[in-house]
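The values are calculated or read from the model by the stated rules, or taken from the named source; none is laboratory data. Bear in mind the structure is a predicted one, so any value in this text is a computation, not a measurement. Here Cβ is always computed from backbone atoms with ideal geometry, including for glycine, and neighbour counts include all displayed protein chains.
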Amino acid sequence: MKVSLIIPTFNRPHLLPRAVESAQRAGREVEVIVVDDASSDDTASVCASLRDVKYLRVDRNQGVAGARNVGLLESSGDFIAFLDDDDMRLPGSLDYQVSLLMAQPDAGFIAGGVMLADQDCIPTDEVAIPRGTSGDLFWEVLELSVHLIPGSVVIRKECFFEVGLFNPRLAGIDDWDMWTRIAEVRPVLLDPEPVCIYRVALPGSGQGSSILGRQMHAAVKHQERLFSLPRVQTATSAQRRLVRQNTRRRVADTLSWRAAHELPRGAFLFAASNFSIALRLSPFWAARPTHLRVLWRSASRQLLARSKNFLAPTPTPPVG
Amino acid sequence: MSQVSVIIATRNRSSMLRRAVESVRHTNCSAEILIVDDASEDQTQQVCTNFSDVHYIRLKRGLGLGAARNIGLIASVSPYISFLDDDDQRIPGSLEAQVKLLEAQPEAGMIYGRALYGDDQGVTQGSYYPEHCQQGDLFWDLLRWNFIPCPTVVFRRECLTRVGLLEEEAPGVEDWDLWVRIAELYSVMAIDKAVAIWRQGTPGSGQFTSRETKLHREAHRLHVHKWLRLPRAIAAGTAQRRKISRDFAARASQQLLWTAASRLKAGRMLESARVALAGARMYPLSMSRNILSPHTLRSLSSSLETYWR
């Protein structure tokens with residue numbers, strides 16, 4: 001069965017060929033569609049040198065979601081996959097996921113494991129496996145307890161005909177919005193096998209997810225709109241309250257964890273803004289003693305290291 | 001492969017749908033018909049399964065017109081695309097003629113034509129819109145007001161890859177938005193013939209006016225925040241942009257005033273005031289200028305007279 005793999009790209013001609021080559025090795029029958037979202041550099045000439053690629057040039061910048069929609073417009077496969085221009089697909093991974101998805105005709109999409117990688121896309125030992133079991137995952141996805149990376153997902157094309165396209169207004173969380181809408185009407189498959197390499201964003205690396213706090217905040221706000229979905233509407237108000245609370249707690253956890261993680265590397269501003277958003281969303285949860293202790297520990301380590309540097313005599317250059 | 005994809009988005013109008021589909025079949029053109037059923041609650045599904053050669057897509061959730069059309073676009077395959085509403089009709093032979101003209105002009109992105117006004121039964125009275133079909137670079141004209149009837153348009157699929165799909169969160173003016181974006185990059189063609197029949201809503205209900213104010217509000221929002229920020233509008237300079245928004249405001253406020261007057265004549269004081277207020281809030285300057293013109297004053301006084309009587 002044919003898979004259309006859509007790679008939206010914007011001003012990253014140096015990274016794009018790597019993503020495209022990995023995509024072509026990921027399956028036997030893959031249609032690779034590169035959607036150039038009005039790049040202002042030499043992305044067009046780089047794409048011209050790539051073989052077997054459907055190159056679409058959007059002249060008016062649409063954002064990632066809009067570019068994905070344009071890719072969908074020109075796709076001809078029965079299954080759709082997405083890949084960010086800085087990530088990679090593992091060889092044979094598309095064929096593997098499609099075979100699993102075909103065995104479950106009612107499932108909407110399949111999500112696989114993700115190998116986390118550094119800025120040069122060299123995998124570290126960490127693998128993020130989607131938590132949970134296959135089946136009806138609507139509430140889990142809505143609560144953000146199953147975190148899905150677009151590069152690890154293969155979707156049946158019919159799903160878009162049932163729930164609609166990506167929402168270009170939701171920068172950065174349009175994928176989550178889509179998974180939720182699909183999970184509402186169809187079961188979801190989760191599989192631990194790693195299928196893609198994900199370049200983990202660093203604060204200030206210019207990647208979309210480097211503004212994690214803002215994205216998470218937007219997600220919490222957008223969740224109120226997702227509450228208009230029929231399945232949430234028929235749920236009891238207690239259930240809705242629980243979903244809201246769980247989401248806020250989870251987001252607060254993620255943000256404070258990231259803050260503690262980035263503090264030793266000196267990203268004070270990043271950590272502070274993330275933790276302040278966590279505090280705003282769920283004050284009592286974010287300010288629990290355990291959280292504060294972890295934060296304090298990493299902050300004090302960083303401060304200590306700084307003061308040592310400050311106190312230590314600067315080495316004098318050798319004379320002569 | 002078929003030449004044109006005709007996308008019919010429908011919701012709860014199974015009685016009129018058949019007429020729309022039949023009208024496309026009579027256009028002598030290898031047309032692919034896509035019906036996107038926006039989660040109708042009536043017999044639309046049964047009606048559609050009876051059609052042959054129709055690609056029927058049923059959405060599981062009601063998503064609105066823009067989203068339904070976008071889904072139709074994704075599912076379609078032809079190089080030319082036309083939107084048809086479920087209550088409108090195509091005139092025999094029209095699609096073929098339009099596609100032929102568009103094929104001959106590779107730099108044009110879309111072609112439109114005249115629409116005949118029809119009543120609920122789809123019977124025309126001979127009046128049509130627009131009076132005169134302009135051609136060529138229509139970017140600035142489309143920024144003033146929308147004179148292109150949606151069911152008369154045939155556009156190239158490749159336009160969409162360059163300008164993006166329909167905006168879903170602009171209910172009622174998503175077509176206008178697309179024409180503006182296409183006209184920014186392409187020239188627009190026109191055929192001086194009637195190509196579609198346009199059913200006119202009955203403006204008897206309060207729902208109609210509230211919808212009209214909503215449309216104006218959406219158009220105003222897009223005009224300020226999107227269209228005037230398109231690269232071509234920005235490159236044209238402040239003076240040109242100011243002139244265009246003045247024209248836009250004059251046109252819109254005139255229309256709102258006209259609606260307010262007609263509501264007043266129908267004896268609906270509250271609705272009329274609501275429309276006038278909405279207009280005053282959006283275009284305070286041109287609204288006050290319009291309201292003080294002798295023509296408006298005269299018609300307002302006559303409306304008031306009928307109202308008091």
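Going by what's in this entry, would A:Arg288 be described as loosely packed, with under 13 Cβ neighbours inside 10 Å, charged (D, E, K, R), more than 14 Å from chain B (Cβ to nearest Cβ) and farther than 24 Å from A:Ala171 by Cβ? No; evaluated as a whole, the condition is false for this residue. Only a single criterion out of (1) small (Gly, Ala, Ser); (2) crowded, with 22+ Cβ neighbours inside 10 Å; (3) more than 20 Å from A:Lys157 (Cβ to Cβ) is not satisfied by B:Ser52, namely (2). Looking at B:Pro92, is it touching a His at 6+ places or on another chain (Cβ under 7 Å) and either surrounded by fewer than 23 Cβ atoms within 10 Å (Cβ to Cβ) or touching a residue at least 24 places away in the same chain (Cβ under 8 Å) (or both)? So B:Pro92 passes the test. Quick one: is B:Tyr80 surrounded by fewer than 22 Cβ atoms within 10 Å (Cβ to Cβ) and either over 21 Å from A:Lys157 (Cβ atoms) or modelled with pLDDT of 90 or more (or both)? In short, no. Quick check: anything in region B:87-97 within 12 Å of another protein chain (Cβ to nearest Cβ) and of a type in the set (Asp, Glu)? No. Restricting attention to region A:110-129, report how many residues are over 24 Å from A:Lys157 (Cα atoms) and among the small types (Gly, Ala, Ser). Residues meeting the conditions: 2.
Filtering region A:15-22 for residues that are within 15 Å of A:Ile155 (Cβ to Cβ), in contact with an Asp or Glu (Cβ under 9 Å, 6 or more places away or on another chain) and crowded, with 16+ Cβ neighbours inside 10 Å leaves an empty set.
Please enumerate the residues belonging to region B:129-141 that are away from chain A (no Cβ under 14 Å) and buried (at least 22 other Cβ atoms within 10 Å of the Cβ). Break it down into steps so the answer makes sense when it comes.
First, pick out the residues of region B:129-141 that are away from chain A (no Cβ under 14 Å): B:129-138, B:140-141.
The answer is B:Leu138, and nothing else.
In region A:39-49, the count of residues that are more than 23 Å from A:Val3 (Cβ to Cβ), within 14 Å of another protein chain (Cβ to nearest Cβ) and surrounded by 19 or more Cβ atoms within 10 Å (Cβ to Cβ) is one or more.
Taking helices (runs of 4 or more DSSP H) as the structural unit, no element lying wholly within region B:199-309 holds at least 2 residues that are in the same structural domain as B:Leu17 (by TED's automatic domain parsing) and surrounded by 19 or more Cβ atoms within 10 Å (Cβ to Cβ).
Can you tell me which of A:Arg169, A:Arg181, A:Arg156, A:Arg199 is surrounded by fewer than 17 Cβ atoms within 10 Å (Cβ to Cβ) and either of a type in the set (D, E, K, R) or assigned by TED's automatic domain parsing to the domain that holds A:Leu16 (or both)?
Details: A:Arg181 fails: surrounded by fewer than 17 Cβ atoms within 10 Å (Cβ to Cβ); A:Arg156 fails: surrounded by fewer than 17 Cβ atoms within 10 Å (Cβ to Cβ); A:Arg199 fails: surrounded by fewer than 17 Cβ atoms within 10 Å (Cβ to Cβ).
It is A:Arg169.
Only residues that are facing chain A (nearest Cβ under 10 Å), part of a loop (DSSP other than H, G, I, E, B) and within 24 Å of B:Pro106 (Cβ to Cβ): list them for region B:146-180, please. Hits for region B:146-180 are B:Gly164, B:Leu165, B:Leu166.
Taking region B:40-94, which residues are assigned to a helix (DSSP H, G or I) and farther than 27 Å from B:Pro171 by Cβ? Lay out the reasoning, then the answer.
Narrowing region B:40-94 to residues assigned to a helix (DSSP H, G or I): B:44-50, B:65-75, B:94.
B:Gln46, B:Thr49, B:Asn50, B:Ser94 - these are the residues of region B:40-94 that are assigned to a helix (DSSP H, G or I) and farther than 27 Å from B:Pro171 by Cβ.
Each residue in region B:118-169 was checked for being in contact with a Gly (Cβ under 9 Å, 6 or more places away or on another chain), in contact (Cβ under 8 Å) with a residue 12 or more places away in the chain and over 27 Å from B:Ile71 (Cα atoms), and 2 pass. Taken over region A:164-191, the criterion of being in a helix (DSSP H, G or I) and more than 14 Å from chain B (Cβ to nearest Cβ) is satisfied by A:Asp175, A:Trp176, A:Trp179.
Which one of these is among the small types (Gly, Ala, Ser), in a helix (DSSP H, G or I) and either in contact (Cβ under 8 Å) with a residue 12 or more places away in the chain or more than 25 Å from A:Pro168 (Cα to Cα) (or both): B:Ala196, B:Ala183, B:Ala115, B:Ala190? Walk me through it before giving the result.
Numbers: B:Ala196 fails: in a helix (DSSP H, G or I); B:Ala115 fails: in a helix (DSSP H, G or I); B:Ala190 fails: in a helix (DSSP H, G or I).
Of the residues listed, the single one that is among the small types (Gly, Ala, Ser), in a helix (DSSP H, G or I) and either in contact (Cβ under 8 Å) with a residue 12 or more places away in the chain or more than 25 Å from A:Pro168 (Cα to Cα) (or both) is B:Ala183.
The set of residues in region A:113-172 being among the charged types (D, E, K, R), closer than 23 Å to A:Arg186 by Cα and touching a residue at least 60 places away in the same chain (Cβ under 8 Å) consists of A:Glu143, A:Arg156, A:Lys157. Residues of region A:119-147 that are under 17 Å from A:Leu226 (Cα atoms), in contact with a strand residue (DSSP E or B) (Cβ under 8 Å, 6 or more places away or on another chain) and surrounded by 21 or more Cβ atoms within 10 Å (Cβ to Cβ): A:Leu137, A:Val141.
Is it the case that A:Arg68 is within 30 Å of B:Arg232 (Cα to Cα), touching a residue at least 60 places away in the same chain (Cβ under 8 Å) and basic (Lys, Arg)? Reasoning before the result, please.
Numbers: within 30 Å of B:Arg232 (Cα to Cα): yes; touching a residue at least 60 places away in the same chain (Cβ under 8 Å): yes; basic (Lys, Arg): yes.
Answer is yes for this residue.
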